[in-house]
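This report refers to the structure that appears directly beneath it.
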Amino acid sequence: MSKEFKIGLITIVAGALLYYGFNFLRGSDLFSQTNRYYVIYPNVAGLTVSNPVVFNGLNIGRVSALNLEQSKNRIVVSVDIDADFFVGKLDTASLANNDLFGTKALIISPGADRTPLGAGDTLQARIAEDLLDQLEPVADNINTT
């Protein structure tokens with residue numbers, strides 16, 4: 001083998017490792033099967049690509065894309081959820097704070113109907129109250145005291 005061939009081969013392998021390593025660090029798991037679902041919100045309020053999708057505290061997926069539909073005044077959120085996780089037709093995706101720092105996450109809540117939702121379908125959207133909104137009545141009581 002010539003030196004030029006070895007250098008070219010090493011460059012190609014290093015480029016491929018860099019590409020897959022970067023995608024792995026962004027939260028994309030290369031070896032797991034996922035299903036893509038969509039959620040439609042009027043306002044995403046700080047949600048970004050690669051934010052987690054959570055069910056009962058367990059990370060089951062991630063936000064893969066945010067698409068603005070300006071003519072309809074809404075944002076379509078693409079979500080990749082593990083293929084092993086069951087998603088029902090009446091399950092809801094709540095946009096909520098994941099921690100006290102305000103990091104957003106989509107929290108999946110199970111619905112009453114256990115009919116499976118097909119890959120590529122749309123989940124029902126809900127926006128959860130912020131922690132500060134929940135503490136507002138307490139703050140009002142403290143002010144009057």
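In terms of overall dimensions, the C-alpha atoms belonging to the stretch 20-83 reach 37, 28, 20 Å along their principal axes, ordered largest to smallest. The calculated FRET efficiency for S109 paired with L17, based on their beta-carbon distance and R0 = 30 Å, is about 0.15.
In this simple spin-label approximation, I40 and M1 carry label points 7 Å from Cα along the Cα→Cβ vector, and these lie 5.4 nm apart. Taking every alpha-carbon pair under 8 Å whose residues sit at least 6 apart, the stretch 1-70 reaches a relative contact order of 18 percent. For the pair V49 and N98, the difference between a 0.36 nm per residue extended length and the Cα-Cα distance amounts to 16.2 nm.
Read-outs throughout are calculated quantities, based only on the coordinates presented, and are distinct from any laboratory measurement. On a predicted model such as this, the values are computed, not experimentally measured, just so you know. Virtual Cβ from ideal backbone geometry, glycine too; neighbours counted across all protein chains shown.
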